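Working notes, beginning with the structure itself.
The values are calculated or read from the model by the stated rules, or taken from the named source; none is laboratory data. Given the structure is predicted, the values throughout are model-derived calculations rather than measurements. Using ideal geometry, Cβ is built from the backbone for each residue, glycine included, and neighbour counts are taken over all protein chains shown.
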Amino acid sequence: MADFQLGRIAQAVDGFDLVAKLVPGNAPQLWQRGIALYYAGRYNDCRRQFESHRTVNPNDVENAAWHFLCVARANSAEQAKRTQLPVGPDSRVPMREIYEMFRDRLTPERVMLAAGDGIQAQFYAYLYTGLYYEAMGDSKRALRQITEAAANRFSAAGYMHDVARVHRDLLNRAK
């Protein structure tokens, strides 16, 4: 996790892969591995990690969102929509709306509205609308939303805030 937080993607993947190999029974729990695999460009492995994670956390909208992102990168956004993982009840605001956005049933603007004033909800709205925009090919909006998610005011989001920072830095380098 520390390697990922420092933007050392290859080293993070190596570490997560080693943990998965040494303790295979715990491999489905390693959602952080799935995210690292995404940034390493190992999209099919990423997809499989999130499919596996669903067996231990079937209600997590974030799991379905990352699965979508992996499939979109490996194949296409259309394929990702057709193979989207189902989720159970995720009571976190605005997770339900984020899930519906990835299903093309809500707009990113509606997700942002659903987040309201809650700092945690706003963070997730910015992060996932940014990732959605990127998957849909809108790099300008993606960068704007991801940059907001990476803002210091959201640092309480912990590891996912680190994801936003790493993603922002990668987008800025690609400009």
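Here is how the numbers come out for the structure above:
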{"item": "Boolean, D117 is outside the structural domain of C70 (by TED's automatic domain parsing), outside any helix (DSSP H, G or I) and of a type outside the set (A, V, I, L, M, F, W, C)", "result": "yes"}
{"item": "Every residue from segment 1-16 that is touching a residue at least 12 places away in the same chain (Cβ under 8 Å) and of a type in the set (D, E)", "result": "D3"}
{"item": "Looking only at segment 54-90, and only at residues there that are among the charged types (D, E, K, R), outside any loop (DSSP other than H, G, I, E, B) and in contact (Cβ under 8 Å) with a residue 12 or more places away in the chain, the one that is surrounded by the most Cβ atoms within 10 Å (Cβ to Cβ)", "result": "E62"}
{"item": "Tabulated pairs, segment 151-164, first farther than 19 Å from D117 by Cα and at pLDDT 95 or above, second surrounded by 13 or more Cβ atoms within 10 Å (Cβ to Cβ) and among the polar types (S, T, N, Q), C-beta under 8 angstrom, 6+ apart or interchain", "result": "Y159/Q5; Y159/Q32; D162/Q5"}
{"item": "R33 vs. criteria basic (K, R), in contact with an Asp or Glu (Cβ under 8 Å, 6 or more places away or on another chain) and either within 17 Å of P86 (Cβ to Cβ) or part of a helix (DSSP H, G or I) (or both)", "result": "yes"}
